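For reference, the structure is listed below as structure tokens.
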Amino acid sequence: MGTNVQELAREEPVAVAAIAVALGALATVLGAWFFQYVLHYPPCALCLDERVPYYFSIPLAAVIAAGAAARWPGRWLALGLAAIASAMLYNAGLGVYHAGIEWKWWAGPQSCSGTFNAFSSSANLLERVQSGHLVRCDEAAWRFLGVSLAGWNALISLALSGIAGAGAWAAWRQGSSSLSQ
């Protein structure tokens, strides 16, 4: 079986990269949902923002994998994988930003790490107490090996960006070589 995977990677690096990104991103989102819905760790606003590039990348990677199997032009595949690489690189930066907020290296957005102003006046106090719920961005809900979920997101996003970038490069080279023949 190892030989078949190696042969596939050598013959279809674009499809392999797209499939790896789709599966890696899907596993990450499923993990985030597991922490949210099974372990009951509610996500903060930045956590939810960090999911958006995954929601963009999963279906696009699946389309690119299908396109590679259908022999779409390499430049189209390269463009799609480059978009994924850019989104994941942005997300890695967002994860580093979020992890830095958790470590108190810099201030976070006022909306999720500042002062909670639900009790600033007595008008409609009961209504605001019932509706006021703030999940703080500056408190890590969970850590593994000293790295928070935001830190793991940064590392995973960086890895997925690298895989997508390598796939984009392979697709670009395939597209360029088919033009010169």
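For the reader, a short list of remarks on this structure follows.
- Selection status of Ala62, among the small types (Gly, Ala, Ser) and touching a residue at least 24 places away in the same chain (Cβ under 8 Å): yes
- Residue list for segment 11-22, filter: surrounded by 15 or more Cβ atoms within 10 Å (Cβ to Cβ) and in a helix (DSSP H, G or I): Pro13, Val14, Ala15, Val16, Ala17, Ala18, Ile19, Ala20, Val21, Ala22
Yes or no, residue by residue, for (1) among the aromatic types (Phe, Trp, Tyr); (2) modelled with pLDDT under 95; (3) within 21 Å of Ala154 (Cβ to Cβ):
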site	(1), (2), (3)
Gly2	no, yes, no
Ala9	no, yes, no
Ala27	no, no, yes
Pro59	no, no, no
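- Condition met for Trp72 (more than 10 Å from the chain's Cα centre (by Cα), surrounded by fewer than 19 Cβ atoms within 10 Å (Cβ to Cβ) and outside any helix (DSSP H, G or I)): yes
- Segment 36-51 - residue that is under 28 Å from Leu81 (Cβ atoms) and in contact with a helix residue (DSSP H, G or I) (Cβ under 8 Å, 6 or more places away or on another chain) and, of those, surrounded by the fewest Cβ atoms within 10 Å (Cβ to Cβ): Asp49
- Of the numbered criteria (1) part of a helix (DSSP H, G or I); (2) under 30 Å from Gln110 (Cβ atoms), the one Ile64 fails is (2).
- Hey, Val21 without any contact (Cβ under 8 Å) to a residue 40 or more places away in the chain and either in contact with a strand residue (DSSP E or B) (Cβ under 9 Å, 6 or more places away or on another chain) or closer than 18 Å to Ala164 by Cβ (or both) or not: no
- Test: residue in segment 32-40 that is at pLDDT 85 or above and hydroxyl-bearing (Ser, Thr, Tyr): yes
The values are calculated or read from the model by the stated rules, or taken from the named source; none is laboratory data. Because the structure is predicted, anything quoted here is derived from the model rather than measured. Heads up, the Cβs are rebuilt from the backbone with ideal geometry, glycines too, and the neighbour counts pull from every protein chain shown.
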